[in-house]
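Structure record follows, encoded as structure tokens.
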Amino acid sequence: MHGFEVLADPVRRRVLELLAVGAHAAGEIGAAIGAEFGISQPAVSQ
């Protein structure tokens, strides 16, 4: 998978945006993404 394919997915793009600001615990990222996109923690991890 190319980098641009990864960035085409809005969830993956948002994870990268969060990490660009600084380090976060996996739970923090999962909670933020889950709240924004209405998906579960396992879906975020996938």
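The values are calculated or read from the model by the stated rules, or taken from the named source; none is laboratory data. As the structure is a prediction and not an experimental result, all values here were calculated from the model. No Cβ is skipped: glycine too gets one built from the backbone with ideal geometry, and neighbour counts run over all protein chains shown. Remember, those area values only see protein heavy atoms, side chains included, never the ligands or the DNA or RNA. Shrake-Rupley method; radii C 1.70, N 1.55, O 1.52, S 1.80 Å.
Compute the accessible area per residue over the chain, keeping the other protein chains in place, probe 1.4 Å, unit Å². Intermediate results must be reported in sequence, preceding the final value.
Details: 3330 Å² over 46 residues.
Dividing the accessible area of the chain by its residue count gives 72 Å².
Let me know the charge dipole size of the chain about its Cα centre in debye, to the nearest 20, where only the beta-carbon of Lys, Arg (+1) and Asp, Glu (-1) is charged. Write out the running numbers ahead of the final one.
On the way: 3 positive and 5 negative charges, 3 e Å.
Computed charge dipole of the chain: roughly 20 debye.
Tell me the Rg and the Dmax, in Å, that the Cα atoms of the chain produce.
Rg and Dmax of the chain, Cα atoms, are 10.4, 27 Å.
By how many degrees, between 0 and 90 and to the nearest 10, does the Cα long axis of helix 26-37 differ from the longest principal axis of the chain?
Rounded to the nearest ten degrees, it is 80.
If we count every other residue with Cβ under 15 angstrom of Glu36's Cβ, Lys/Arg +1 and Asp/Glu -1, where does the sum land? Write out the running numbers ahead of the final one.
On the way: positive: Arg12, Arg13, Arg14; negative: Asp9, Glu17, Glu28.
Net of charged neighbours comes to 0.
Which percent of the accessible area of the chain is formed by carbon and sulfur heavy atoms (probe 1.4 angstrom)?
Carbon and sulfur together cover 63 percent of it.
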